[in-house]
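Enquirer: I have a structure I would like to understand better, so I am pasting it below and will then ask my questions one at a time.
The values are calculated or read from the model by the stated rules, or taken from the named source; none is laboratory data. None of the values given here were measured: they were computed from a predicted structure. Cβ sites come from the backbone with ideal geometry, for glycine too, and all protein chains shown count toward neighbours.
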Amino acid sequence: MGGALVPRKGENAMKTLVSVLAVAVAVAFTGPTFAAGDVTKAKTAAECAKAGGIWNAATNTCTAKKM
């Protein structure tokens, strides 16, 4: 009978390494997507709020929140 289901030494370590690498690559590429955004590019109050800024209705500009 075949021994295809018998784990070999080091196989679990390789699977773990590949899994960690895959997650790291996924986070690296999706991180900027979920970032707050650039408040200087916001053209509306809704875009400004989404970017995490403060909308100035008098000048129609968005500025970063002061911490």
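Enquirer: Go through (1) at pLDDT 90 or above; (2) surrounded by fewer than 10 Cβ atoms within 10 Å (Cβ to Cβ) one by one and return the number of the condition Ala45 breaks.
Expert: The one condition Ala45 does not meet is (2).
Enquirer: Report yes if some residue within segment 23-38 is out of contact with any helix residue (DSSP H, G or I) (no Cβ under 6 Å at 6 or more places or on another chain), surrounded by 10 or more Cβ atoms within 10 Å (Cβ to Cβ), modelled with pLDDT of 70 or more and of a type in the set (Ser, Thr, Tyr); otherwise report no.
Expert: no
Enquirer: Related question: Does Glu11 fit the bill of being loosely packed, with under 12 Cβ neighbours inside 10 Å and either at pLDDT 80 or above or out of contact with any strand residue (DSSP E or B) (no Cβ under 6 Å at 6 or more places or on another chain) (or both)? Talk me through it step by step, then tell me what you get.
Expert: On the way: loosely packed, with under 12 Cβ neighbours inside 10 Å: yes; either at pLDDT 80 or above or out of contact with any strand residue (DSSP E or B) (no Cβ under 6 Å at 6 or more places or on another chain) (or both): yes.
For Glu11, the condition - loosely packed, with under 12 Cβ neighbours inside 10 Å and either at pLDDT 80 or above or out of contact with any strand residue (DSSP E or B) (no Cβ under 6 Å at 6 or more places or on another chain) (or both) - is met.
Enquirer: Cβ-Cβ under 6 Å, sequence separation 6+ or interchain: first residue in segment 47-67 and assigned to a loop (DSSP other than H, G, I, E, B), partner not basic (Lys, Arg). Which pairs?
Expert: Hits for this filter: Gly52/Ala36; Lys65/Ile54.
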